[in-house]
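**Student:** To start, I am sharing the structure in question, which I have written as structure tokens.
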Amino acid sequence: MIVIKAATELNHFLNGLKIKSKKIGFVATMGALHSGHISLIERSNRENDTTVCSIFVNPRQFNDPKDLEKYPRPIEKDILLLVKAGCNVLFIPDYEDIYSPNYVEPKINLEGLDTILEGAMRPGHFKGVALVVKRLFECVKPDAAYFGQKDYQQTLVIKQIVKEFKLPVKIVVTEIHREENGLAMSSRNIRLSYEQRNRAGFIYSALLQLKSNLKYLDINEALIKAKESILKEAGAKIEYLTIVEPDTLAQIEKIDQERSAIALVVVNYFGVRLLDNIYL
Ligand code: PAF
């Protein structure tokens, strides 16, 4: 695996491959890699000639400076995992490489996706994500980019920038990787204690219960039951649990066979925000 720090060097290296019509797959990360990330690398390896992974903890998407400070950065462990997974290129840019003083920030229209749900809880977060992903796409110019479904709203934001700027990249969203107890894998899980992490499967259990209850309960009743089961857990607070239309995130009042729906949840568990979702 080649480790590249400067965007210009990356450009030079990847141009050499593009001239030979090699397909480039891209996995953008903030490091603290887990098997969810590794499965994205493996999928990219299967579908492309070269896989590029970036590790960049993007300050612009943290609305809480303490969260940024606490974000785990186990770079040596990450490198070992990437080598083992067969990643070809690791791009670790500096802040100036991504946000150089000459870089003219684009105006990005996220069509309101940045002001609801996760966007409402974390003002400015999705603008920061959109900015960095657009910038990383400019550096890597991948044929395909791979993102996990756990950050569902983020995948819509990324599809929106691809659409708005007509970027020639295919966005592949892969299913959620879970720990044995059902907890969705996330770099933040390492902030839970051993015992909390073992218990945190209750979030996915509540989503499964919600899905099954919707066979005979209406949305409000089923949501109340799911919320009750989450709130039974000491240390759990619900930031939101909602059922929405998968493309627009518009609230759904009634489940019917004709249209698809997805339940999105964020539980703050002992101070750690845990995101999850399930198609209904
Ligand atoms: O999901 C993440 O890790 C980040 O939001 C991303 C897409 C790498 C942008 O910084």
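**Student:** What's the exposure ranking of Thr248, Thr50, going from fewest to most Cβ atoms within 10 Å?
**Tutor:** Lowest count first: Thr248, Thr50.
**Student:** Name the residue farthest towards the positive end of the dipole of the chain from the options Ile219, Leu110, Gln251, assuming +1 on Cβ of Lys and Arg, -1 on Cβ of Asp and Glu, about the Cα centre.
**Tutor:** The one lying farthest along the dipole's positive direction is Leu110.
**Student:** Divide, for the range 117-194, the radius of gyration over alpha carbons by 2.2 N^0.38 Å, where N is the residue count.
**Tutor:** Ratio of Cα Rg to 2.2 N^0.38 Å: 1.24.
**Student:** Checking the cross-link filter: which lysines have an alpha carbon closer than 27 Å to that of Lys232, excluding same-chain neighbours under 8 positions apart?
**Tutor:** Within reach: Lys150, Lys211, Lys215, Lys254.
**Student:** Using Cα-only point scatterers and the Debye equation, what is log10 of I(q)/I(0) for the range 220-264 at each q in 0.16, 0.23, 0.31 Å⁻¹, rounded to two decimals?
**Tutor:** For the requested q values the scattering log ratios are -0.49, -0.83, -1.14.
**Student:** Would you please give the FRET efficiency between Leu208 and Lys70, computed as 1/(1 + (r/R0)^6) with r the Cβ-Cβ distance and R0 = 30 Å, to the nearest 0.05?
**Tutor:** 0.50
**Student:** In a shell of Cβ-Cβ distance under 10 Å around Tyr103, excluding Tyr103 itself, what net charge do Lys and Arg (+1) and Asp and Glu (-1) give?
**Tutor:** Taking every other residue near Tyr103 into account, the sum is -3.
**Student:** Taking 8 Å as the Cα distance limit and 6 or more residues as the minimum spacing, I'd like the relative contact order of the range 37-148 as a percentage.
**Tutor:** It rounds to 39 percent for the range 37-148.
**Student:** Let me ask you something else. Among Lys107/Lys166; Lys70/Lys225; Lys5/Lys84; Lys20/Lys170; Lys77/Lys159; Lys107/Lys227, which pairs are too far apart, with a Cα-Cα distance over 26 Å?
**Tutor:** In this structure, Lys70/Lys225; Lys77/Lys159; Lys107/Lys227 exceed 26 Å between Cα atoms.
**Student:** Then there is this: Report the Rg/Rh value for the chain, based on alpha-carbon coordinates and the Kirkwood definition of Rh.
**Tutor:** Over the Cα atoms of the chain, Rg/Rh equals 0.97.
**Student:** Now a separate question. Cβ under 15 Å from Lys141's Cβ, Lys141 left aside: what net charge do those residues give with Lys, Arg +1 and Asp, Glu -1?
**Tutor:** +4
**Student:** Here's another thing I want to ask about it. For the range 98-246, what is the Kirkwood hydrodynamic radius in Å, using each pair of distinct C-alpha atoms?
**Tutor:** 17.7
**Student:** Give me the aspartates and glutamates in straight-line cross-link reach of Lys22: C-alpha distance below 13 Å, same-chain residues under 8 apart excluded.
**Tutor:** Partners found: Glu47, Asp49, Asp143.
**Student:** To continue, here is another question. Given a 10 angstrom Cα cut-off, can you work out which residue in Leu264, Leu136, Leu68 is the most mobile in a GNM of the chain?
**Tutor:** Leu68
**Student:** So what's the net charge close to Lys5: Lys and Arg +1, Asp and Glu -1, counting the other residues with Cβ under 9 Å from its Cβ?
**Tutor:** The answer is -3.
**Student:** Connecting C-alpha atoms closer than 10 Å in a GNM of the chain, tell me which of Ile224, Ile243, Ile203 has the biggest fluctuation.
**Tutor:** In this elastic network of the chain, the residue with the biggest mean-square fluctuation among Ile224, Ile243, Ile203 is Ile224.
**Student:** Which value at 222 nm does the chain reach when only helices count, each DSSP H run of 4 or more adding -39,500 (n - 2.57), with the total divided by all residues and rounded to the nearest 500 deg cm²/dmol?
**Tutor:** -11500 deg cm²/dmol
**Student:** Just to be sure I understand: of the beta bridges DSSP finds with both ends in the chain, what percent are antiparallel, rounded to 5?
**Tutor:** Bridges in the chain are about 50 percent antiparallel.
**Student:** Next question, about the same structure. Once every Cα of the range 165-228 carries one equal point scatterer and solvent is ignored, give the base-10 log of I(q)/I(0) from the Debye formula at q = 0.29 Å⁻¹, two decimals.
**Tutor:** Cα-only, vacuum Debye calculation for the range 165-228: -1.15.
**Student:** Taking only Cα atoms of the range 182-269, what ratio of Rg to Rh do you get with Rh as the Kirkwood inverse-distance radius?
**Tutor:** For the range 182-269, the value is 1.00.
Where a number appears in this text, it was derived from the coordinates with a stated rule and is not lab data. Small disclaimer: the values here were computed from a predicted structure and weren't measured. Ideal geometry is used to build each Cβ from the backbone, glycine not excepted, and the neighbour counts take in all protein chains shown.
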